[in-house]
1. My understanding is that a pair violates if its Cα-Cα distance is over 19 Å; which of B:LYS189/B:LYS226; B:LYS286/B:LYS352; B:LYS87/B:LYS189; B:LYS175/B:LYS483 do that in this structure?
2. Grab the other residues whose beta carbon is less than 14 angstrom from that of B:SER230, score K and R as +1, D and E as -1, and report the net.
3. Sum up the charges of everything whose Cβ sits under 13 Å from the Cβ of B:ASP282, counting Lys and Arg as +1 and Asp and Glu as -1, but leave B:ASP282 out.
4. Between beta-carbons, use under 12 Å as the cut-off and find the net charge around B:TYR499, counting Lys and Arg +1, Asp and Glu -1.
5. Which of B:TYR150, B:TYR463, B:TYR356 comes first, and how do the rest follow, when ranked by fewest Cβ neighbours within 10 Å?
6. Any chance you could check the Cα centroid distance between the range B:249-266 and the range B:450-467 for me, in angstrom?
7. 5 Å is the cut-off here: which amide hydrogens, built 1.01 Å from N in the peptide plane, fall below it relative to B:ILE163, excluding neighbours closer than 5 in sequence?
8. Can you tell which of B:ALA235, B:THR114, B:LEU99 lies farthest toward the positive end of the dipole of chain B, using +1 and -1 charges on the Cβ of basic and acidic side chains (Lys, Arg; Asp, Glu)?
Amino acid sequence: MCYLEGEFRTGQSDVLLESLKIDGVDEPITFWMSASQFELWKHTHLTVDVVPGRGSGFSLEAPEGVRFLIRSRLLSEQELAELS
Amino acid sequence: MTVYSAPGTEGAIVNYESRYDHFIGGEYVPPAKGQYFANPSPVTGEDFCEVARGTAEDVEKALDAAHGAADAWGRTSTAERANILNKIADRMEQNLEKLAVAECWENGKAVRETLAADIPLAIDHFRYFAGAIRAQEGTAGEIDDDTIAYHFHEPLGVVAQIIPWNFPILMAVWKLAPALAAGNAVVLKPAEQTPASIHYWMSLVADLIPPGVVNIVNGFGVEAGKPLASSNRVAKVAFTGETTTGRLIMQYASENLIPVTLELGGKSPNIFFEDVARADDDFYDKSLEGFSMFALNQGEVCTCPSRALIQQSIYPDFLAAGVKRVENLKQGNPLDTDTQVGAQASNDQLEKILSYFDIGRQEGAKVLTGGSRADLGGNLAGGYYVQPTIFEGNNAMRIFQEEIFGPVVSVTPFADYADAIKIANDTLYGLGAGVWTRDINTAYRAGRAIKAGRVWTNSYHLYPAHAAFGGYKQSGIGRENHKMMLDHYQQTKNLLVSYSPKAMGFF
């Protein structure tokens, strides 16, 4: 889900994974996940892809005819070592 | 066997309009901004109608209509409201087959399921709440000889309901029936993936409902759902859907200090204890059907039994029999009454499921059957079909922990009772669970030990009215499907009355 900055209140039960720099967008896009979900996902590398389609929920891209799709791969041993 | 003609083609028993506006104040109203969006059928991937793309202006208009109707509706007698609900049920029953085909076409699910489950359950739901509201009564508490506490149920007023796409009519009815029975006016937003079937339903029952009591605003979440859910003119928001959106809706509700009921995600365990295989009998056959239930509604059920836990001692044989059972499921044209597995509801859902096939394989889960998109050829080639899929792995894998919402089960063995409960509860969610055993003590203990709102015991995927349904943990707040749901749509009014003529003596 993608919301306007400040639309979704994040707190102690969330983890900020990254501030993404997007070409043509001045502000960094912060990427959050709930801490409980992060525990289950932290061994994977995530790519936020954009594909044609219809998003759902209250996500901003839904009316645009595209949607975000998370693609995942396992982190390599080297990447895991760097992150630990 | 029957193959229904697609709506809009020759021989069809039901047809959609080419365009749907908002239903506000008892009539159709075009969207303020004049925009519409296309609505494809998952059966073929082709558009079959267009639907109003609502915005805040439309939501306000619907709220105006609801507020205009709420007081008079709330004052109607329970007998009058119950009669209307019963008439809606009768009208639906007279048109059951048409409703079933309409929902099948819009959602992609197999028509045998809408004929046998979705629509009959929706009909019964109206009748259940018609009965429940007639039987509900307040209380009178005798505090002392002079003082009586009366408790009355009063409607909340105007409520917002946001409906998911997996059961477009049934999920709307789960929310509408108790809200209307309790005397509330409703502004309802269907999912943008399935925006039209509720309008077909409305075309059948509109004359039975006073104008403004039920209003339908279509559109996207960010444009129509958000102004509705965040409005300070609604007394409650009911939402079924994905967990992050549920959290956002709760945040909006906190700004307005209103209650929410949330029915969110799940990753339900389906536990098979070794005694199920003690005999090769009807019960064993039933338990294998229970294993296969993950494919019901193409897995697009928040209580999909998407984790199967099988006791080690019977694991190889039971799993082999389960794979065989699943491989015999008939996937095909959803409009064919022989079809057991239809299409996913949207292309997005299809893509998401395929992305889980990818990460599941990468994490080392073994595909025992399925594992890819199903190409059914012909005019179904553009539809959104996924093979029923069985993964074997362990509970730490992401396919065991995330709601895939597809015909996908992740299977793992367990050693003993304690191990089964540990794995079953090792999840963020707590909506449903299944327990299969011939031993009543195991059944009872396991059912109580699993942290989930609904534990099907030697059964699965039954949704009768009068059995409370709702989640523990991150699966939500509140219950549906039971008369206790009336409380979620009512205020409690206490009149504390003194029958003494004497001063209290304080001043």
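Quick note: the coordinates plus some simple rules give every number you see, no bench work behind them. All of these numbers come straight from a predicted model, not from anything done at the bench. Because the Cβ atoms are built from the backbone with ideal geometry, glycine has one as well, and the counts that use them run over all protein chains shown.
1. Exceeds cut-off: B:LYS286/B:LYS352; B:LYS87/B:LYS189.
2. Its environment carries a net charge of +2.
3. Once positives and negatives cancel, what remains is -1.
4. -3
5. B:TYR150, B:TYR463, B:TYR356
6. The range B:249-266 and the range B:450-467 have Cα centres spaced 24 Å from each other.
7. Under 5 Å from the amide H of B:ILE163: B:LYS189, B:ALA191.
8. The Cα lying farthest towards the positive end belongs to B:ALA235.
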